[in-house]
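Each remark here refers to the structure printed beneath this line.
The values are calculated or read from the model by the stated rules, or taken from the named source; none is laboratory data. Everything numeric here is computed off the predicted structure, so don't read it as measured data. Methodologically, a virtual Cβ is constructed for each residue, glycine included, from the backbone with ideal geometry; neighbour enumeration extends over all protein chains shown. Each accessible area value is taken on the protein alone, full model and side chains, heavy atoms only, with ligands, DNA and RNA left out. Shrake-Rupley method; radii C 1.70, N 1.55, O 1.52, S 1.80 Å.
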Amino acid sequence: MNAPVESFHPLLRLLHGLMAVLVIATLFVGVTMVASVGGSQPQLVAWHKQLGLALLVLLLVRLLVRAVTARPALPASVTPWQRRLACAVHFALYALLLGQILVGWAMQGAADFPLRFAHWLVPALVGANPDLYGILRCVHAWIAYGLFALILLHAAAALVHALLRRDGVWSSMWRVRSRRKEQGNPAR
């Protein structure tokens, strides 16, 4: 049995912050890209695809690190229904993010658009199919709305723990401990 930990593994904290920035950037680039009719649209589309594929790589690494590292327990003040809700929201965030990326990837194949990550050609998930493309594009948009909603819920809960409850949930993800505290000397 592993000893309890007070905070998430440093790599998980790094991935959480990096992915938060990239997810928000990807969503906003996607919205701007769809609304754009100017000359910047091809560049926005290219950025959106690269961000999505980068997120896929980071998500897979994050799930692997999460599976092999200990996580801090929620404080006793978190009720059972809140624990279940937190678990459901985290699962939904992971599932929607993975689904969003895979739907976007499949959408590119259905549109018969080559997909590249950096300089590598990424194989299509599905063959060219205009009808399937239309369906996938609609699904991609609805998943984006779901991600926006879950991100807002997740951020709101994090702020409640950070600003109102001050129960350690926020610091378990965002803590940056000083060397003095780790060595047993309280920081002054």
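From the Cα gyration tensor of the stretch 103-161, with a ≥ b ≥ c the square roots of its eigenvalues, which class applies: rounded if a/c is under 1.5, or else prolate if a/b is larger than b/c, or else oblate? Before the final figure, lay out each step's value.
Numbers: a/c = 5.49, a/b = 2.01, b/c = 2.73.
Oblate is the answer for the stretch 103-161, as a/c is 1.5 or above yet b/c matches or exceeds a/b.
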Fill in the blank from the handout: Carbon/sulfur accessible area of the stretch 116-176, % of total, 1.4 Å probe, equals 72 percent
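Between ARG166 and THR32, take the C-beta separation as r, use R0 = 45 Å, and let me know the FRET efficiency to the nearest 0.05. Before the final figure, lay out the partial values.
Values: r = 37 Å, r/R0 = 0.82.
After rounding, the FRET efficiency stands at 0.75.
Taking Cα pairs under 8 Å and at least six residues apart, what relative contact order does the stretch 45-183 come out at, in percent? Can you show the working numbers first?
Values: 93 pairs, mean separation 32.0, N = 139.
RCO, the stretch 45-183: 23 percent.
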Fill in the blank from the handout: Neighbours of HIS16 by Cβ distance under 11 Å: Lys/Arg at +1, Asp/Glu at -1, summed charge +3
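Where a ≥ b ≥ c are the square roots of the eigenvalues of the C-alpha gyration tensor, would you call the chain rounded, which needs a/c under 1.5, or, failing that, prolate if a/b is larger than b/c, or oblate?
prolate
Can you figure out the FRET efficiency of LEU153 with LEU102, using R₀ = 30 Å and their beta-carbon distance, to the nearest 0.05?
Working: r = 23 Å, r/R0 = 0.75.
Efficiency, from the Cβ-Cβ distance: 0.85.
How large is the charge dipole for the stretch 16-117, taken about the Cα centre, if only the Cβ atoms of Lys, Arg (+1) and Asp, Glu (-1) carry charge, to the nearest 20 debye? Can you show the working numbers first?
On the way: 7 positive and 1 negative charges, 77 e Å.
Using only the charged Cβ atoms, the result is roughly 360 debye.
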Problem - Under 5 Å, built H, 5+ apart or other chain: amide partners of LEU115 - result: VAL122
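What number comes out for accessible area per residue over the chain if the probe is 1.4 Å? Units Å², please.
Working: 12320 Å² over 188 residues.
Accessible surface, normalised per residue, equals 66 Å².
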